[in-house]
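See below for the structure under consideration.
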Amino acid sequence: MPSELTQRTPRTITKHWLAVECIELGAMIPVTEFRQFTVQQQPAFRVLKPWWDVFTDYLSVVMLMIGVFGCTLQIMQDKIICLPTNTPEQNKTVAIAHQTELKGLKTNLDLQQYSFINQRCYEEALHWYAKYFPYLVLIHTLVFMVCSNFWFKFPGSSSKIEHFVSILGKCFDSPWTTRALSEVSGENTAGKDEKRETDSKSNVNVSTAEGNLEKTQSLRSIPEKLVINKPDASVMDKKEGEQAKALFEKIKKFRLHVEEGDLLYVMYVRQNMLKVLKFLLIIIYNSILVPEVKITVPCDVNIQDMTGYGHFWCNHTMAHLFSKLAYCYLCFVGVYGFTCLYTLYWLFYRSLKEYSFEYVRQETGISDIPDVKNDFAFMLHMIDQYDPLYSKRFAVFLSEVSENKLKQLNLNHEWTAQKLRQRLKTNANNRLELQLFMLPGLPDTIFELTELQSLKLEIINNVTIPASISKLEELQELSLYQCSLKIHSTAVAFLKENLKVLRVKFDDSRELPSWIYSLRSLEELHLSGFFSHDISRNVTLDSLRELKSLKTLHLRSNFTKIPQAIVDLSSHLQRLYVHNDGTKLVMFSNLKKMAHLVQLELVHCELDRVPHAIFSLSNLQELDLRENNLKSIEEIVSFQHLRKLVSLKLWHNSITYIPDHIKKLGSLERLYFSNNKIEVLPSHLFLCNKLRYMDLSYNEIRFIPPEIGVLQSLQYFSVSSNKLENLPDELFFCKKLKTLKLGMNALTLLSPKISFLALLTHLELRGNHFDGLPAELGSCPALKRSGLLVEDALFETLPSDVREQMRVE
């Protein structure tokens, strides 16, 4: 080993040391570390790299290799070799004396002196460009690579790109995309064939098309839409449907976010402009400095005291190779720069902040795909440079029609016919009813419930009534509460013939669908919403006159007078209900013309007296004036003209007394005076001997006249929540009483004559001051514990046998 070490010259040791250092440097900074400057760490981003970006990336790799190769040579080999150009006199003599033994010029310099000279000349004589050329190449190339991929790394833009690429990939691979495109492709083919067959009959086709679709205005102010009944598509996997639904929501939110600005576009433009400026700088200064890379370099250094020489000629060992590499590098930079110039031309030649899907709309037939702008548009332009198919498949998820089809499929998955059938209930009209609330649409499976008689839809945004509703042959009642509606013309024809009851709740009268006025079989119409205050110009209500079969009209709105359109129904309208929202109803002259009315309700109309027009309705049987501001009812004497009046409801007002003239209402059977301020009951009230139902609850009554015993037909009597302290015995002579409500008074004693009420089934006594209950309650065979509303402690005062008797249902 010692002999081997001694055989190595200092130059060999130096080169070996440099090689080791180079290997160690390569180990510390491998070439793979440069990947962080590129987009290869996220391969999905390649869809946003057009051909010029890919090309410049490859050019960057080549230029990077040139820089790395130059740096490696710079480290591995001697940079410069210098020799002196003059020799001292003594050295000349020695050289002559021994010229037969030595060849060449003897300098008497050792290895360390040569190394010193090489280093001094390298630092002082060699041009800086020749020394740092490979490092400059490396730095410039890294700058190019950073510029090319900076928008993929910058936080403000990378998050948008990552989100977009993620959504794009899911859209491209989604089964719904394939299905939607295949469906419209089939429809387009069929459409083209039909067009070829019917070109000669264009005029006929136009009229047919106009009659085939029913225009329907939404109940929530959405634009009118036409619906063409198309065959149902095959069922898609439920999980795939949910994933596609989530994609639609993501794209909506992403579009709103990205279309707000143009950060991506601005960054891409700026980084390309920076590369062009960098290209010009490199070309200019390299073209000037490349000739400075020379093979032979003179070196004048003041080191004669140390070496005996002051002038040297040096050989730059890498000069020839660096010169060739420099020209090669300039060629690559030139190509790189012209590519960047082309990129700028592409960026400014057309508007990249707007993107039109016109070609997709024409090719697929999905006409509602919207155009996009700003960064969203720019990314789609970039995608087209990679593969236009991505944009085409992505466009499916921008279509509202496509989204509605998907929602319909998911809805049918969730709401099967069996599940819907379990929700069927019998409503107040004794019809089998299905109620659906806040669904994203109307399940097609509803039309499999052929036994359905009533359909109630509440707060459903996309109600589409197709022709298949004709399968519901038993359907007679339809309720639409805050629903946006589209309907097929065949469905309208079916409803015209079958629908008997329609309920519609809306926000504005302009939202009412026009087809409801063509339902010639409609017998009952309920409209709830706000109409125009200018009734004379309200075209919507004028259309009611076409409903020739209408017998019941229920309006919950804000009228100030009875619309003329309602009067036009007088020939067949029998029941009119007007529920105002507190708006004062001031004009009633039109009511006089409605001679066929048998039932009238004017609720919450801010009435302060009974309208005289009512007394002209000779056929009126029921009148309801609840929730008004009535304080006096002196006009009640005029009710004698209403000889058919059997029900009078004046409850929830501010009436303080009942006039004696009420005795003239001999036909009355039901009387409602609850929730008023009545203190005294006139004895003449009980001369209305046909009364079967009397409600006087929630007043301030202290005494019941004994004349109440005259009412032998009375079945229901309520005086709860008054100030009664005792009851007349004559009350118990009303032997047909079934319901007696005496709760929330000041009664202390219940007469044993309660036993006279053999038909009594409901007795309310809560909230009084009874000490006990009479045992005679046991003589009321129809009265059970469930019908006796009394405190438990008071019930226990009854004899045990009576308690047991009542507990037996």
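Points worth noting:
- Filtered by the rule that a residue be touching an Asp or Glu at 6+ places or on another chain (Cβ under 7 Å), of a type in the set (Val, Ile, Thr) and over 20 Å from residue 736 (Cβ atoms), the range 670-722 gives 678, 701.
- Restricting attention to the range 318-334, the residues being under 17 Å from residue 125 (Cβ atoms) and either in a helix (DSSP H, G or I) or open to solvent by 50 Å² or more (accessible area, probe 1.4 Å) (or both) number 2.
- Residue count for the range 394-418, restricted to those that are charged (D, E, K, R) and open to solvent by 70 Å² or more (accessible area, probe 1.4 Å): 2
- Of residues in the range 656-691 being of a type in the set (Val, Ile, Thr) and either more than 28 Å from residue 595 (Cα to Cα) or without any contact (Cβ under 8 Å) to a residue 24 or more places away in the chain (or both), the one least open to solvent (accessible area, probe 1.4 Å): 678
- Checked against (1) buried (at least 16 other Cβ atoms within 10 Å of the Cβ); (2) over 23 Å from residue 593 (Cβ atoms), residue 621 passes all but a single condition, namely (2).
- The condition of being charged (D, E, K, R), modelled with pLDDT under 95 and farther than 18 Å from residue 688 by Cα holds for only one of 741, 753, 735, that being 753.
- Residues (closer than 19 Å to residue 238 by Cβ and open to solvent by less than 20 Å² (accessible area, probe 1.4 Å)) located in the range 419-438: 420
- Any hit, the range 364-372, residues being at pLDDT below 90 and on the phi > 0 side of the Ramachandran plot: yes
- Residues (open to solvent by less than 10 Å² (accessible area, probe 1.4 Å), within 20 Å of residue 625 (Cα to Cα) and assigned to a loop (DSSP other than H, G, I, E, B)) located in the range 559-595: 559, 562, 563, 573, 585, 594
- Residue 294 being among the charged types (D, E, K, R) and either in contact with an Asp or Glu (Cβ under 7 Å, 6 or more places away or on another chain) or in a helix (DSSP H, G or I) (or both): no
- Only one of the numbered conditions (1) under 30 Å from residue 655 (Cα atoms); (2) open to solvent by less than 20 Å² (accessible area, probe 1.4 Å); (3) assigned to a loop (DSSP other than H, G, I, E, B) is violated by residue 767, and that is (2).
- Filtered residue count, the range 730-750, keeping only those that are open to solvent by less than 50 Å² (accessible area, probe 1.4 Å) and farther than 20 Å from residue 794 by Cα: 4
- Considering residues of the range 538-558 that are part of a loop (DSSP other than H, G, I, E, B) and in contact with a helix residue (DSSP H, G or I) (Cβ under 7 Å, 6 or more places away or on another chain) only, the residue modelled with the lowest pLDDT: 538
- Close pairs from the range 128-145: first charged (D, E, K, R), partner open to solvent by 10 Å² or more (accessible area, probe 1.4 Å), Cβ under 6 Å, at least 6 apart: none
- Test: residue in the range 751-764 that is of a type in the set (Val, Ile, Thr), touching an Asp or Glu at 6+ places or on another chain (Cβ under 6 Å), buried (at least 16 other Cβ atoms within 10 Å of the Cβ) and without any contact (Cβ under 8 Å) to a residue 40 or more places away in the chain: yes
The values are calculated or read from the model by the stated rules, or taken from the named source; none is laboratory data. Small disclaimer: the values here were computed from a predicted structure and weren't measured. Counting neighbours? That spans all protein chains shown, and the Cβs are built from the backbone with ideal geometry, glycine included. Accessible surface is based on the protein model in full, side chains and every heavy atom, while ligands, DNA and RNA are left aside. Shrake-Rupley method; radii C 1.70, N 1.55, O 1.52, S 1.80 Å.
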